[in-house]
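Visitor: If you scroll down you'll find the structure; I have some questions about it.
The values are calculated or read from the model by the stated rules, or taken from the named source; none is laboratory data. Not measured: the values here are computed from a predicted model. In this analysis, Cβ positions are derived from the backbone assuming ideal geometry, glycine residues included, and neighbour counts consider all displayed protein chains. What goes into the accessible areas is simple: the full protein's heavy atoms, side chains included, and nothing from ligands, DNA or RNA. Shrake-Rupley method; radii C 1.70, N 1.55, O 1.52, S 1.80 Å.
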Amino acid sequence: MPGVLYLLALLVSLTGMVVLDRRFGLFFWRAPLVAAAVLAIGVAFFLAWDLWGIGAGIFYRGETDFMTGLQLAPELPVEEFFFLTFLCYLFMNALQGVRTLLETRRTA
């Protein structure tokens, strides 16, 4: 069971992002096709960055009992994909949330 705790935490966090997005219409519920493209480009960018860092010997997979041990590529754990997805989704929700807040204050 400990081998999936990090992945489970990431999935719970991603679910929270979806709930916030749905509740406030921030990202996917505002423009689903654009959001999917932006999220995919962001995750692809950071995965490419990770692969470059791995190839350069800068990044490596740390050993922990909380990860599944599954890898997308050498030194690239599957959890990294979900973390990067969460990171990009969090940023876009936060950015749109701030924009919405500023627009609401401006019109009030």
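Visitor: Within region 86-95, identify whether any single residue is over 15 Å from the mean Cα position of the chain (by Cα) and among the hydrophobic types (A, V, I, L, M, F, W, C), and answer yes or no.
Guide: No: zero hits.
Visitor: So which residues in region 45-83 are among the small types (Gly, Ala, Ser) and either touching a Lys or Arg at 6+ places or on another chain (Cβ under 7 Å) or farther than 17 Å from residue 3 by Cβ (or both), if there are any at all?
Guide: 48, 53, 55, 56, 57, 73
Visitor: State all residues of region 47-79 that are assigned to a helix (DSSP H, G or I) and not β-branched (Val, Ile, Thr); if no residue qualifies, say none. Can you show your working first?
Guide: Residues of region 47-79 that are assigned to a helix (DSSP H, G or I), as a first pass: 47-55, 78-79.
Hits for region 47-79 are 47, 48, 49, 50, 51, 52, 53, 55, 79.
Visitor: Right, residue 31: surrounded by fewer than 17 Cβ atoms within 10 Å (Cβ to Cβ) and within 26 Å of residue 100 (Cα to Cα) or not?
Guide: Here the answer is yes, as residue 31 does meet what is asked.
Visitor: Under 8 Å between Cβ atoms, at least 6 apart or on separate chains: pull out the pairs that start in region 58-82 with a residue that is under 26 Å from residue 17 (Cα atoms) and end on any residue that is hydrophobic (A, V, I, L, M, F, W, C) and assigned to a loop (DSSP other than H, G, I, E, B).
Guide: Taking only residues 6 or more apart or on different chains, the pairs are 77/67; 77/70; 78/70; 79/67.
Visitor: Among the residues of region 25-46, are any assigned to a helix (DSSP H, G or I) and in contact with an Asp or Glu (Cβ under 7 Å, 6 or more places away or on another chain)?
Guide: Scanning region 25-46 turns up no residue that is assigned to a helix (DSSP H, G or I) and in contact with an Asp or Glu (Cβ under 7 Å, 6 or more places away or on another chain).
Visitor: I'm trying to understand the selection: among the residues of region 34-56, which are open to solvent by 60 Å² or more (accessible area, probe 1.4 Å) and more than 23 Å from residue 94 (Cα to Cα)?
Guide: Within region 34-56, 51, 52, 55 meet the criteria.
Visitor: Pick out the one residue from 104, 68, 100 that is under 23 Å from residue 34 (Cβ atoms), among the hydroxyl-bearing types (Ser, Thr, Tyr) and surrounded by 13 or more Cβ atoms within 10 Å (Cβ to Cβ).
Guide: One residue alone meets the criteria, 100.
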